[in-house]
1. Tell me the residue from Asp277, Asp281 that is assigned to a helix (DSSP H, G or I), modelled with pLDDT of 90 or more and either on the phi < 0 side of the Ramachandran plot or under 39 Å from the mean Cα position of the chain (by Cα) (or both), please.
2. Report yes if Leu272 is in a strand (DSSP E or B), at pLDDT 95 or above and out of contact with any Gly (no Cβ under 7 Å at 6 or more places or on another chain), otherwise no.
3. Against the conditions (1) modelled with pLDDT under 90; (2) surrounded by 17 or more Cβ atoms within 10 Å (Cβ to Cβ), where does Lys345 fall short? Just the number, please.
4. Restricting to segment 188-219, name every residue that is surrounded by fewer than 18 Cβ atoms within 10 Å (Cβ to Cβ), over 26 Å from Asn291 (Cα atoms) and modelled with pLDDT of 95 or more.
5. Among the candidates Thr255, Thr251, Thr259, which residue alone is over 28 Å from Ile349 (Cα atoms) and at pLDDT 95 or above?
6. So, of the residues in segment 134-168 that are of a type in the set (A, V, I, L, M, F, W, C) and surrounded by 13 or more Cβ atoms within 10 Å (Cβ to Cβ), which turns out to be nearest to Val182 (Cα to Cα)?
7. I'm told Ile256 meets every condition in (1) β-branched (Val, Ile, Thr); (2) within 19 Å of Thr190 (Cβ to Cβ); (3) not in a strand (DSSP E or B) except one. Can you identify the failing condition by its number?
8. Which condition from (1) more than 26 Å from Leu141 (Cβ to Cβ); (2) outside any strand (DSSP E or B); (3) of a type in the set (A, V, I, L, M, F, W, C) is the one that Ile265 breaks?
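The values are calculated or read from the model by the stated rules, or taken from the named source; none is laboratory data. In this text the structure is predicted, and so the values were computed from the model without any measurement. Note that each Cβ is placed from the backbone with ideal geometry, even for glycine, and that neighbours are counted across all protein chains shown.
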Amino acid sequence: MMNTIGIIDQDDILQLIARNLAGNADSQEASRLKEWIDISEENKRFFEQVRNIWEASEKNPGIDKINTEDALKKVQARIMKVPSKKIIWYYWQKIAAVIVLPLAVGLLLLISMNSHKKSSVNETVYNEIFTAFGTRSSLLLSDSTVVYLNSGSSLRYPIQFSEKTRQVFLKGEAYFEVKSDVSRPFIVNTPSLSVKATGTKFNVEDYGFDPLSEVTLVSGKVTVSKMGNEAGSQLISELKPEQHLVYNNETGTKTISKTDTYRYISWKDGKLIFRNDPLPDVLKKLSMIFNVDIELQGEELNYYRYRATFEEESLEEILKLLKLSAPINYTEVERIPLPDGSFPKKKVIVYPAK
């Protein structure tokens, strides 16, 4: 009877056994190993012996101290006493049990440890920060990039960036002061957009529930692409300093304008700046910042524009100031408890003053 271990490359088998015993094998690798084991009793026996020694080695770290030279002498002495017809198989069994198996297990353990080290090194560990509605926060990333996070926003970022790229994941609004590193682009991924930079200052707004996404470039250069399909990102535009991009994710249309960028990033300083903004846009911004439903009634109010600056005021204070400077009134809808005992989102109705 001849052993069939050599039919498949031995290194390949050791790799398969190592990944299976370490619990890292995928379904295809597990199937290949099972097929090899089922070829013969010798293969099955070899695998079982390796597994036994593997399991023993986990309990006894000193297995690598086996003296294979002395073991070989003992095997050779025993071979001399074995009938010639059984010498080949007997020799293989002892070599496998005394020399090959310990060496194989040592190799398997090494493969497993190297595999674990590689996966540990390559594995990216992320943190995630959430900013409650009506508040702001800031943080310093591992590359010294500074991020300001607006109300109701979240940012997922790696504890340590990779050697090739710096990627973060934003939902909401954030202002970035990116540390310059041409060799490692800084990429902000939102539900709709991918904004790529090397070293620059820019603002991104994309809450996901609004069809409009906005990018404002203060300095440097950024490339804005559409996220989404299997074909990869689709370039929308490259922005220059003091440009503001509004992209409609439903229609695929964009508008780019040169603007006073501070009005779009003033929120990081606790300010809300409106410069000839339509009332619906003002109320939309307030709705997102304070997590409240604001319903505008009266078509004539759609054309009313505001020029104002608010600093650290509450929603109630802002609504009162708007009422003083425009022909509007507002009322807060009573919040009736839901069947489960919770309360619905706060709702405010804005309507023309009589």
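1. On the way: Asp277 fails: assigned to a helix (DSSP H, G or I).
When all the criteria are applied, what remains is Asp281.
2. Working: in a strand (DSSP E or B): yes; at pLDDT 95 or above: no; out of contact with any Gly (no Cβ under 7 Å at 6 or more places or on another chain): yes.
So Leu272 fails the test.
3. Failing condition for Lys345: (2).
4. Ser219
5. Thr255
6. Going through the qualifying residues, I end up with Phe161.
7. (3)
8. With respect to (1) more than 26 Å from Leu141 (Cβ to Cβ); (2) outside any strand (DSSP E or B); (3) of a type in the set (A, V, I, L, M, F, W, C), Ile265 is out only on (1).
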